[in-house]
1. Along Cα→Cβ, 7 Å out, is where each label goes; now give me the distance between the ones at Asp27 and Asp73 in nm to one decimal.
2. Taking 7 Å along the Cα-to-C-beta vector as the label spot, tell me the Ser107-Asp61 distance in nanometres, rounded to one decimal.
3. Please state the relative contact order of segment 26-76 as a whole percent: Cα pairs under 8 Å, 6+ residues apart?
4. Any lysines with Cα under 27 Å of the Lys75 Cα? List them, leaving off those in the same chain fewer than 8 positions away.
5. Considering only protein heavy atoms and a 1.4 Å probe, what is the carbon-and-sulfur percentage of the accessible area of the chain?
6. Shape call for segment 58-128 from the C-alpha gyration tensor, a ≥ b ≥ c root eigenvalues: rounded (a/c under 1.5), prolate (a/b greater than b/c) or oblate?
7. Run the Debye formula on the Cα coordinates of the chain, all scatterers equal and no solvent, and tell me log10 I(q)/I(0) at q = 0.14, 0.18 1/Å.
8. How much accessible area per residue does the chain have, in Å², with a 1.4 Å probe?
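The values are calculated or read from the model by the stated rules, or taken from the named source; none is laboratory data. The structure presented is a predicted model; accordingly, all values stated were derived computationally and were not measured. With ideal geometry, Cβ positions are generated from the backbone for all residues, glycine too; neighbour counts draw on all protein chains shown. Remember, those area values only see protein heavy atoms, side chains included, never the ligands or the DNA or RNA. Shrake-Rupley method; radii C 1.70, N 1.55, O 1.52, S 1.80 Å.
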Amino acid sequence: QVQLVESGGGSVQAGGSLRLSCAASGDSVRNYNMAWFRQVPGKEREAAAAIGRYDAVYYSDSTKGRFTISRDDAKNTLYLQMNNLEPEDTAMYYCAADRFTGSIWLSWRLIPSKYNHWGQGTAVTVSS
């Protein structure tokens, strides 16, 4: 089974940047659909960005144009480059992966329960 470990979170001023990493072990990131979800206390977990098995990508309305999701097969790592950060981006960020394939990705990519592999999370705080 694949294991995921996030890193790169921290505290920054609005307008700053962070790069989150999700290091995978036990299997190749190339074999999975992957995503970055974020969650704050009292709210539902939401998808910030997703990348499919064959590199189709998704961004939420709030992250599109500011965030970039990418995968480095050689390093077996998923990344989330976050630029122009806003206070509303403050959350715990989680890396997720699963093997669902084909066009079903379009329906399942944003649903946390469809992902069976999760990291422990990394905290991001953005101050104004």
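1. 1.7
2. 2.4
3. On the way: 62 pairs, mean separation 16.9, N = 51.
Relative contact order, segment 26-76: 33 percent.
4. Lys64, Lys114
5. The value for the chain is 48 percent carbon and sulfur by accessible area.
6. Prolate, because a/c is 1.5 or more and a/b exceeds b/c.
7. Each listed q maps to, in turn, -0.54, -0.90.
8. It amounts to 50 Å² per residue over the chain.
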